[in-house]
Amino acid sequence: MAKTALNSLPNAWQDWIIGNLARACEPDGMAEILVRDGQFDPALARLAIEEASDGRIKSSPLALTAMPDIDTRSNCIRTSDRVVDVLLTLTSPRIVLLGNVLSDEEASALTAYCQSRLERSPVVNDDDGTIQQHQSRTSRGAFIQRMETELVGRVEARLAQLARWPVDHSEGLQIQQYDATNEYRPHFDWFDPELPGPRKHMERGGQRLATFVIYLSDVESGGATAFPEFGLEIWPKKGNAVFFQNTDSQHVPDRRTLHAGTPVVRGVKTIANKWLRERTY
């Protein structure tokens, strides 16, 4: 196949272009997102959209089943502003542990920015979709709007490059702080489409396809991100992040992604969650 502007882009961005054109999204706005979030050359972005809209590249079935994912073919990943280390990978379910995602200064700044906004962390009610407090989750947290600050925008753009998934297909960062004894018992990040409450949350942005958990602090003891279905525990290290897919390639929830934030024994654990959605959120 001859090299074209469209097929020179990563597969996830090709699928994003095709899918958004199928939904009649406006090309100029799409080009802005490609430049801002994908860090692509403006001329290349517009030409890729033009090729796809002209029909010279046939729509791929992957447009309906695209997934955020990390390219782990090398031991490190170069984003536009940082070199990130690949520390651990699991193929099925897809889990990737990354090092050096945030600098020490960035992690500390995000933590300090949210301190005055921390409130008891909620969960989604399965019956009606309301946000409620529950004994299974004892941390405190704060939601940050996308692009709320320059730092937030920079971190979001970096995560978008790592996962090869547009920023506008994600929720804003959620900061969580766990003091001693705080925990989040085993749970899923995906929404159960069979339940009315979670189904309501899928109306905007669709399913949560993948998750980033970014560690903003070191923890003296406890506070692992645990996957009990296969005995994996990931210990917090400031600046690192764990990425995992919540569904299979058909966007069907994967029950193996059951995970927990184990109790903090000593110290304070601060994390930032980033949930990647199926559609524009």
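The values are calculated or read from the model by the stated rules, or taken from the named source; none is laboratory data. What you see is a predicted model, and the numbers here were worked out from it, not measured in a lab. As a convention, Cβ positions derive from the backbone with ideal geometry for all residues, glycine included, and neighbour counts pool all protein chains shown.
Quick notes on this one:
- Of the residues Leu159, Leu98, the single one that is within 30 Å of Leu9 (Cα to Cα), of a type outside the set (S, T, N, Q), assigned by TED's automatic domain parsing to the domain that holds Glu233 and in a strand (DSSP E or B) is Leu98.
- Restricting the first member to the range 185-196 and to residues that are in the same structural domain as Ala226 (by TED's automatic domain parsing) and more than 10 Å from Gln207 (Cβ to Cβ), and the second to residues that are assigned to a loop (DSSP other than H, G, I, E, B) and among the hydrophobic types (A, V, I, L, M, F, W, C), the beta-carbon pairs closer than 9 Å and six or more apart or on different chains are Pro186/Leu258; His187/Leu258; Phe188/Leu258.
- Selection within the range 89-113 - small (Gly, Ala, Ser) and farther than 23 Å from Ala142 by Cβ: Ser92, Gly99
- Answer from Pro93, Pro68 - the residue that is at pLDDT 85 or above, in a loop (DSSP other than H, G, I, E, B), in contact with a His (Cβ under 9 Å, 6 or more places away or on another chain) and not basic (Lys, Arg): Pro68
- Within the range 18-31, the set of residues being over 17 Å from Leu276 (Cα atoms) and surrounded by 14 or more Cβ atoms within 10 Å (Cβ to Cβ) comprises Ile18, Leu21, Cys25, Pro27, Met30, Ala31.
- None of Asp81, Asp128, Asp85 is farther than 29 Å from Leu9 by Cα and either at pLDDT below 95 or surrounded by 13 or more Cβ atoms within 10 Å (Cβ to Cβ) (or both) except Asp128.
- Val268 meets the stated requirement of being farther than 27 Å from Val167 by Cα, β-branched (Val, Ile, Thr) and not assigned by TED's automatic domain parsing to the domain that holds Ile33.
So that you can scan it fast, the table gives a plain yes or no per residue for (1) within 26 Å of Arg36 (Cα to Cα); (2) exposed (fewer than 15 other Cβ atoms within 10 Å of the Cβ); (3) not small (Gly, Ala, Ser):
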residue: Glu156; (1), (2), (3): yes, no, yes
residue: Gln174; (1), (2), (3): yes, no, yes
residue: Glu183; (1), (2), (3): no, no, yes
residue: Gly197; (1), (2), (3): no, no, no
residue: Gln207; (1), (2), (3): yes, no, yes
residue: Ala210; (1), (2), (3): yes, no, no
residue: Val213; (1), (2), (3): yes, no, yes
